Amino acid sequence: MMEVLILPEFLDTRYAVPFSELLKKQEGGFLLDGESVRRVGGLCFQLLVSAFATAQALGTSFEIRNISDEMKENLALLGGNFLLNMAGEA
């Protein structure tokens, strides 16, 4: 079973390196929980896009569950509407 990666309140520059390391450890796809997210910065957005592209290339899953309204707004502003299509409700 895939482990759920609980995202923090701020996906900002300070979180980019630890987030990158956590994403590298994910096996069999990406299952993220965005309930607590209040802000998404550019670097973490790029990591989300990379994880999405990796999942597509490997034929594995990418899902953001329980996405907060703030995360939806931030992703839309950054051009990440395609990531919203991969969002689900747990």
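Please treat every number below as a calculation from the coordinates, not as lab data. The structure presented is a predicted model; accordingly, all values stated were derived computationally and were not measured. So basically every Cβ, Gly included, is an ideal-geometry build from the backbone, and we count neighbours across all protein chains shown.
A few notes on this one:
- Table column - 3J(HN,Hα) (Hz), segment 65-80, Karplus curve with 6.51, -1.76, 1.60, x for Gly and Pro: 9, 6, 5, 6, 4, 5, 5, 4, 4, 4, 5, 5, 5, 8, x, x
- Amide H contacts of residue 67 (H built 1.01 Å from N, in plane; Pro and chain starts excluded): 34, 88 sit under 5 Å, all sequence-distant by 5 or more or on other chains.
- Entry for P(r) over Cα pairs in 5 Å bins from 0, in percent (calculated from the structure that is shown) out of [x] 3, 14, 24, 29, 21, 8, 1; [y] 3, 11, 7, 8, 7, 6, 7, 6, 6, 6, 6, 5, 5, 5, 4, 3, 3, 2, 1, 1, 0; [z] 3, 15, 29, 30, 18, 5, 0: [z]
- Restriction of the chymotrypsin sites (Phe, Trp or Tyr not before Pro) in segment 22-73 to DSSP coil positions whose beta-carbon has at most 11 other beta-carbons within 10 angstrom yields no sites.
- Between residue 62 and 30, the built amide H atoms are under 5 Å apart, and every one of these is 5 or more places off in sequence or on another chain.
- Residue 35-residue 57 FRET efficiency (beta carbon distance; Förster radius 25 Å; 0.05 resolution): 0.35
- Going from the fewest other Cβ atoms within 10 Å to the most, the residues 68, 20 appear in the order 20, 68.
- Scalar couplings 3J(HN,Hα) for segment 55-61, obtained by applying the Karplus form with A = 6.51, B = -1.76, C = 1.60 to θ = phi - 60°, are 4, 4, 5, 8, x, 10, 8 Hz; x denotes Gly and Pro.
- Around the amide H of residue 10, modelled in the peptide plane, lie the amide H atoms of 38, all under 5 Å away and 5 or more residues distant in sequence or on another chain.
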